[in-house]
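Notes follow once the structure below has been shown.
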Amino acid sequence: MPVQCVGIGKRIGVGNDDRPERGPSPVIGLDPVEEGLRDSARICHPRLIGDMNIRDRRLLNPENGATGHRALLAVLERNIVLTSDACLAIFSRDRDITRGIVQMRIAAVDLVSNTCFPALAADELGFFKDEGLDARIELVPMLSATKALREGTADAMIAGSVHDLLTEFTGWRGAKLCVALSQGTPWLLTVRADLAAGRGDIDALRGLRLTAAEGPDLAFKQMLRGAGLDPERDLEIVELPGVQERDVSFGVFAARALQEGRIDGFWANAMGAETAVTRGIGKIHVDVRRGDDPDEVRFFTFAGLATTDDFIAREPDAIDAAVRAIVKAQKTLCADPAMAREVGIRRFPPESAGLIAAIVERDVQFYDPVISETMVRSLNAFAQSIGRLTGPVPYEQVVAIRCRRFWTGG
C-alpha cells in the first residue's frame with residue numbers, strides 16, 4: 001500500500017461515520033507540533049497481528065475529545081494511521097515519531113518455553129528498549145507466525161523450528177534468519193513415567209499414542225524413520241483437541257494431556273518435559289541435543305528470529321537492534337542463569353516460572369547466536385528430506401548477512 005507523507009503545517013480531515021451528530025468532518029490541526037509529528041511522518045493502512053480488528057485499538061474521534069494536536073500527542077504511544085474511512089488508530093509497527101523509538105511486532109507460537117527464551121529475556125530485561133525498540137511479542141496459533149510474517153501483520157517471528165518459514169517463503173525467497181536463539185533441534189520426547197523402556201530406545205515406542213506440534217512433528221517423524229519405525233503404521237501420532245488455539249503453549253499443554261492419560265508421551269520443548277518430570281508423571285526418553293538421537297536429528301533445525309527482506313530494507317537499523325538485544329540477553333543468561341526466574345515470574349504461569357531457571361541453567365550451552373554455514377546446510381538437507389526444498393540453497397539466501405557482525409560482538 002502506498003505511503004502518504006504528512007508534512008508540518010498540513011491539516012488532516014478526519015471523517016467519522018459513527019459521530020453522534022451530522023455535520024462537517026472534524027479537523028485535527030497539526031500546525032504547531034513542536035516535538036511531535038515531524039515532516040514526512042508515515043501514514044499507512046493498519047495491519048494487525050491475527051484476527052484483531054481496528055476497533056480493538058484505541059480510536060481518535062471527536063467523542064473522545066481528540067480534536068487538537070496536543071490531545072493527539074498525549075495518547076500516542078505508537079504511530080498513527082488513517083484508515084480508509086478516516087478513523088485514526090494505533091499502529092504498532094513503525095517509528096514512534098515523538099521519541100525516535102521503532103516498534104516491532106514479533107509473532108511467536110509458544111511463549112511458555114525455554115526454546116525462544118532469549119527473546120523474552122531481551123524484552124523483560126529491557127534490552128530491546130535499550131536499543132530503541134518497542135518490541136511486542138504476541139502469541140499466535142501454530143504455524144500462524146509464518147503466515148503473519150508473509151501477510152505483514154508481524155515484522156518478525158521467533159520459532160523453535162526455523163524450517164517453518166518454508167511453509168510461506170518458498171525456497172527461502174523473501175525471508176531471512178537473523179540470529180539463532182538456541183542451537184540444535186530443541187525438542188525432547190517425554191513418555192509416561194511407568195513405561196518399561198530404557199532411555200533412547202526408539203523401538204519401545206511401537207504401539208504408543210504420542211503427540212507432537214505441527215512443524216516439530218516433521219523432525220519427530222524423521223527421527224522415527226531414521227530408527228526404522230514407520231510413523232504412520234508402527235505408532236499413533238495424534239493432534240490434541242484445542243491445541244490450535246491462540247493461547248496454547250504446546251509443551252505445558254501436552255504435559256497436562258499426559259497427566260490425564262490421553263497420551264503415552266509427547267515431543268515438545270524442555271518446559272513441557274520438566275513439567276511432566278516434576279509432577280512425577282513422565283520421564284525423558286529422548287533428548288536429541290544431548291546425544292539420544294539416531295540419524296543426527298540434533299542438526300535438523302534450530303530456534304531463531306526471522307524477518308522479511310522487505311522489513312530489512314525498510315528498517316535495517318531495527319533488525320540490527322533486535323539482534324544486538326537478543327545477543328545481550330543470551331550473554332546475560334549464560335553469565336547468570338538465575339536471571340531467568342525474574343523473566344519467568346513476569347511472563348509465565350507460577351509453576352513454569354518456578355521451573356525456568358533450572359531449565360535455562362542446563363541449556364545455556366545452547367544459547368549461542370551464531371548461524372553457521374554448516375547449520376544452514378544441515379537445515380536445508382532436512383528441508384529437502386521433508387519436501388520443503390527441491391535442492392540446496394546458498395547461505396546468503398537463508399541468512400541476513402548484515403546481522404553476522406553482531407553475533408560475536410564485531
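The values are calculated or read from the model by the stated rules, or taken from the named source; none is laboratory data. Since this is a predicted model, take the numbers as computed values, not measurements. Methodologically, a virtual Cβ is constructed for each residue, glycine included, from the backbone with ideal geometry; neighbour enumeration extends over all protein chains shown.
Considering each residue of the stretch 164-174 in turn, at least one proves to be over 14 Å from Asp287 (Cβ atoms), under 12 Å from the mean Cα position of the chain (by Cα) and not assigned by TED's automatic domain parsing to the domain that holds Ala257. The numbered conditions (1) crowded, with 23+ Cβ neighbours inside 10 Å; (2) within 23 Å of Asp217 (Cβ to Cβ) are all true for Thr170 except (1).
When the stretch 107-124 is limited to residues that are in a loop (DSSP other than H, G, I, E, B) and not hydroxyl-bearing (Ser, Thr, Tyr), the one that is surrounded by the fewest Cβ atoms within 10 Å (Cβ to Cβ) turns out to be Leu111.
This table checks each residue for (1) touching a helix residue (DSSP H, G or I) at 6+ places or on another chain (Cβ under 6 Å); (2) of a type in the set (Lys, Arg); (3) closer than 21 Å to Gly261 by Cβ.
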{"position": "Thr185", "(1), (2), (3)": "yes, no, no"}
{"position": "Leu189", "(1), (2), (3)": "no, no, yes"}
{"position": "Ala197", "(1), (2), (3)": "yes, no, yes"}
{"position": "Ile202", "(1), (2), (3)": "no, no, no"}
{"position": "Arg209", "(1), (2), (3)": "no, yes, yes"}
{"position": "Leu218", "(1), (2), (3)": "no, no, no"}
{"position": "Lys221", "(1), (2), (3)": "no, yes, no"}
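Before we move on, is Glu138 in the same structural domain as Asn114 (by TED's automatic domain parsing), in contact (Cβ under 8 Å) with a residue 12 or more places away in the chain and farther than 21 Å from Ala400 by Cα? For Glu138, the condition - in the same structural domain as Asn114 (by TED's automatic domain parsing), in contact (Cβ under 8 Å) with a residue 12 or more places away in the chain and farther than 21 Å from Ala400 by Cα - is met. Please indicate, with yes or no, whether at least one residue in the stretch 391-402 is surrounded by fewer than 19 Cβ atoms within 10 Å (Cβ to Cβ), among the small types (Gly, Ala, Ser) and not in a loop (DSSP other than H, G, I, E, B). No, every residue in the stretch 391-402 fails to be surrounded by fewer than 19 Cβ atoms within 10 Å (Cβ to Cβ), among the small types (Gly, Ala, Ser) and not in a loop (DSSP other than H, G, I, E, B).
Checked against (1) in contact with a strand residue (DSSP E or B) (Cβ under 9 Å, 6 or more places away or on another chain); (2) at pLDDT 75 or above; (3) over 25 Å from Glu361 (Cβ atoms); (4) part of a helix (DSSP H, G or I), Gly171 meets all criteria but (1). Among the numbered conditions (1) modelled with pLDDT of 95 or more; (2) in contact with a strand residue (DSSP E or B) (Cβ under 9 Å, 6 or more places away or on another chain), the only one that Ala197 does not meet is (1).
For the stretch 187-203, taking the residues that are without any contact (Cβ under 8 Å) to a residue 60 or more places away in the chain and either buried (at least 18 other Cβ atoms within 10 Å of the Cβ) or small (Gly, Ala, Ser) (or both), the one that is nearest to Arg279 (Cα to Cα) is identified as Ala196. Being in contact with a strand residue (DSSP E or B) (Cβ under 9 Å, 6 or more places away or on another chain) and free of Cβ contacts under 8 Å to residues at least 12 places away in the same chain holds for only one residue in Gly282, Gly261, and it is Gly261. Among the residues of the stretch 125-142, not a single one is under 25 Å from Gly387 (Cα atoms), assigned to a loop (DSSP other than H, G, I, E, B) and touching a Pro at 6+ places or on another chain (Cβ under 8 Å).
Evaluating Asp130 against the criteria (1) surrounded by fewer than 19 Cβ atoms within 10 Å (Cβ to Cβ); (2) on the phi > 0 side of the Ramachandran plot leaves one unmet condition, (2). It is to be established whether one or more residues within the stretch 288-307 are among the β-branched types (Val, Ile, Thr) and more than 27 Å from Glu138 (Cβ to Cβ). Within the stretch 288-307, one or more residues are among the β-branched types (Val, Ile, Thr) and more than 27 Å from Glu138 (Cβ to Cβ).
Taken across the stretch 80-92, residues that are in contact with a Ser or Thr (Cβ under 9 Å, 6 or more places away or on another chain), assigned to a loop (DSSP other than H, G, I, E, B), modelled with pLDDT under 85 and not assigned by TED's automatic domain parsing to the domain that holds His163 do occur, with at least one present. If you check Ile371, Ile359, Ile386 for being in the same structural domain as Leu166 (by TED's automatic domain parsing), in contact with a strand residue (DSSP E or B) (Cβ under 6 Å, 6 or more places away or on another chain) and touching a residue at least 40 places away in the same chain (Cβ under 8 Å), only one passes: Ile371.
Of the helices (runs of 4 or more DSSP H) contained entirely in the stretch 314-379, not one carries at least 3 residues that are in contact with a Cys (Cβ under 6 Å, 6 or more places away or on another chain), modelled with pLDDT under 95 and closer than 28 Å to Asp155 by Cα.
The condition (being crowded, with 17+ Cβ neighbours inside 10 Å, assigned to a loop (DSSP other than H, G, I, E, B) and touching a residue at least 12 places away in the same chain (Cβ under 8 Å)) is satisfied by just one residue among Gly228, Gly184, Gly251: Gly184.
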